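Undergrad: Please find one structure pasted underneath; my questions will follow.
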């Protein structure tokens, strides 16, 4: 259809071999192209810290580019190409990403094939690390362990995000999802240059590898990337587990953490047991938006504005895990009152008290968010990656249509499926502590 919002971008699966899948997001919208290489692992305590550490060590240098300065100089030669890597989790998948963005050939006025140069650089960083006596360089590993330790320790400094993460971790303390993206301090202590390199070999050879090329490229450039990937040494890929079982809540957990704070952080974690492949997921999207998805929402209008109980109040979905969390910043003494008012907003939806404004604004908010994806290559890549992980095949335009078809009755129906699991509260230290 000519009126499709995303008509200027199209995803094509180019090839699949040896545990590697190659995708091409065809678009002429941007002046840059990007290459994203994702390695997927099952989130686990014994591997999380090593997976988080690997990209940090690999980015320090390769055989051809042995130092950070060498890497920076080379990227400058490629018209200021940007390169980054990192780790995140989507549900119970730990995802390690290597990413490069470079100017599209038609804007470079150069005889150099920037796509080939960029891809070669990225693959060499990943597959040809700088070694010493058959292992990673000891100094680099120790430095990156120190940095990662500091990063893990510092997450407590952002109390808003910390409260949300800790609420979800407490909810899923007996599940892989309860593991922090970057692992934990205790496990970092046992990592050294030798066992990290052993892990790296397994990482490269057995983790499923998804490559997303985005931009205005020529078929021969895509073929070059495919031919290069085919040459990689690969073993038998590991199986990525799917955990979409229904979780029953028997008792609501009540967790309190104390810090030297003057403002309380309240997070309520809920089980939805609804996953992206289910038709109910689109009803859940609208439900979440009505509840806490913006200034139009019940949480904002009632908990924050009308009752004046919160500095902020919102809800968000953890789509790959069937969870929802409500987050708010409140006066410490208002905890119980805030919980009551928040619960009342959920009850209001169950009773069908949804205004036309709340309903229309919720759908418009979701539509605006999805439309904004097309303005960022990274967001577009993440959208298609998420679709792949969720084993769904919805295009952005299709999601908008499904959201628009959700009725108020659908939202009320979903409301009965949202079950409180955990109440997490950051408060101040008691006297004498």
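Undergrad: Tell me whether the range 333-341 contains one or more residues that are in contact (Cβ under 8 Å) with a residue 60 or more places away in the chain, out of contact with any helix residue (DSSP H, G or I) (no Cβ under 6 Å at 6 or more places or on another chain), under 30 Å from residue 39 (Cβ atoms) and buried (at least 17 other Cβ atoms within 10 Å of the Cβ).
TA: No - not one qualifying residue is present in the range 333-341.
Undergrad: Of the residues 217, 229, which single one is touching a strand residue (DSSP E or B) at 6+ places or on another chain (Cβ under 7 Å), crowded, with 16+ Cβ neighbours inside 10 Å and part of a loop (DSSP other than H, G, I, E, B)?
TA: After ruling out the rest, the residue left standing is 217.
Undergrad: Take residue 303 and decide whether it is closer than 22 Å to residue 425 by Cβ, assigned to a loop (DSSP other than H, G, I, E, B) and not assigned by TED's automatic domain parsing to the domain that holds residue 168.
TA: no
Undergrad: Next question, about the same structure. For the list (1) assigned to a helix (DSSP H, G or I); (2) closer than 24 Å to residue 210 by Cα, I need the number of the one condition that residue 69 fails.
TA: Against the list (1) assigned to a helix (DSSP H, G or I); (2) closer than 24 Å to residue 210 by Cα, residue 69 comes up short only on (2).
Undergrad: Checking residue 388 against (1) in a helix (DSSP H, G or I); (2) out of contact with any strand residue (DSSP E or B) (no Cβ under 9 Å at 6 or more places or on another chain): exactly one of these is not met. Which one?
TA: Single failed check for residue 388: (2).
Undergrad: Out of all the residues in the range 353-371, is one or more buried (at least 18 other Cβ atoms within 10 Å of the Cβ) and farther than 18 Å from residue 283 by Cβ?
TA: Scanning the range 353-371, I find no residue that is buried (at least 18 other Cβ atoms within 10 Å of the Cβ) and farther than 18 Å from residue 283 by Cβ, so the answer is no.
One line per residue, one yes/no per condition, for (1) modelled with pLDDT of 95 or more; (2) buried (at least 18 other Cβ atoms within 10 Å of the Cβ); (3) assigned to a helix (DSSP H, G or I):
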{"residue": "126", "(1), (2), (3)": "yes, yes, yes"}
{"residue": "143", "(1), (2), (3)": "yes, no, yes"}
{"residue": "153", "(1), (2), (3)": "yes, no, yes"}
{"residue": "164", "(1), (2), (3)": "yes, yes, yes"}
{"residue": "169", "(1), (2), (3)": "yes, yes, yes"}
{"residue": "191", "(1), (2), (3)": "yes, yes, no"}
{"residue": "199", "(1), (2), (3)": "yes, yes, yes"}
{"residue": "212", "(1), (2), (3)": "yes, yes, no"}
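Undergrad: Something else about it: Being assigned to a helix (DSSP H, G or I) and either at pLDDT 95 or above or under 20 Å from residue 124 (Cα atoms) (or both) is the filter here, so list the residues in the range 12-56 that pass it.
TA: Matches in the range 12-56: 47, 48, 49, 50, 51, 52, 53, 54, 55, 56.
Undergrad: Can you name the residue in the range 407-419 that is touching a helix residue (DSSP H, G or I) at 6+ places or on another chain (Cβ under 8 Å) and outside any loop (DSSP other than H, G, I, E, B) and, of all such residues, is farthest from residue 271 (Cα to Cα)?
TA: 408
The values are calculated or read from the model by the stated rules, or taken from the named source; none is laboratory data. Predicted model, so just to flag it, every value in this text is computed and none were measured. Heads up, the Cβs are rebuilt from the backbone with ideal geometry, glycines too, and the neighbour counts pull from every protein chain shown.
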